[in-house]
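The values are calculated or read from the model by the stated rules, or taken from the named source; none is laboratory data. Remember, it's a predicted structure, so these values are computed and weren't measured experimentally. Ideal geometry is used to build each Cβ from the backbone, glycine not excepted, and the neighbour counts take in all protein chains shown. These area figures cover heavy atoms from the full protein model, side chains too; ligands, DNA and RNA do not enter into them. Shrake-Rupley method; radii C 1.70, N 1.55, O 1.52, S 1.80 Å.
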Amino acid sequence: MQHISHDGGSRDELPPELVLPCHRKLNEEGKGSHFSDVYGRMRWDSVAPTLTTGCTDVTKGRYTHPTQDRAITLREAALLQTFPSNYRFFGSMGQVARQIGNAVPVNLAKNLAAAIVKQGDRT
């Protein structure tokens, strides 16, 4: 990760000797391999990527911390999904990642529910 620039860098910046063979293949357009967000860094000034059940694994998407050489933590992923900071998850790390990645963001659910109730009041 130390070879990838902070705040939005991608694996395209890796020295050739660190690029995995599967990432060296060119796609039909000659633009590089698929899944280009793998090993990518998040950006501070942009929306977060869609979080999946692999949201704390840099090999599964753009889940590298913007400035630190590590994946985001489960708590950071939960905060991105707008879970309250004191929300308690139960289970193994993999189970918690699955709960976070499969969740509808809390604030989205709240706002959607409020809009449905408001619409219902109009009828």
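Could you work out the local net charge near LEU74, counting Lys and Arg as +1, Asp and Glu as -1, over the other residues with Cβ closer than 15 Å to its Cβ?
Computed value for this residue: +3.
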- Query: Counting Lys and Arg as +1 and Asp and Glu as -1, what is the net charge of the other residues whose Cβ lies under 13 Å from the Cβ of HIS3?
  - Reply: -2
- Radius 12 Å from Cβ of ALA97, net charge of other residues (Lys, Arg +1; Asp, Glu -1): +1
- Task: Taking DSSP loops as anything outside H, G, I, E and B, show the longest stretch in the chain free of trypsin sites (Lys or Arg not before Pro) there with at most 13 other beta carbons within 10 Å.
- Result: 32-69
- The answer for the chain, accessible area per residue at 1.4 Å probe in Å², is 68
- Message: Nothing charged except the Cβ atoms of Lys and Arg (+1) and of Asp and Glu (-1): what's the magnitude of the dipole of the chain about its Cα centre? Round to the nearest 20 debye.
- Response: 500
- Nearest 10 degrees, 0 to 90: helix 93-102 Cα axis against the chain principal axis: 70
- Query: Can you tell which of THR53, ASN111, SER92 lies farthest toward the positive end of the dipole of the chain, using +1 and -1 charges on the Cβ of basic and acidic side chains (Lys, Arg; Asp, Glu)?
  - Reply: ASN111
- Query: Rg and Dmax of the chain over Cα atoms: what are they, in angstrom?
  - Reply: 17.8, 64
- Query: When the helix-only estimate is applied to the chain (DSSP H runs of n ≥ 4, each -39,500 (n - 2.57), divided by the residue count), what is the mean residue ellipticity at 222 nm, nearest 500 deg cm²/dmol?
  - Reply: -9000 deg cm²/dmol
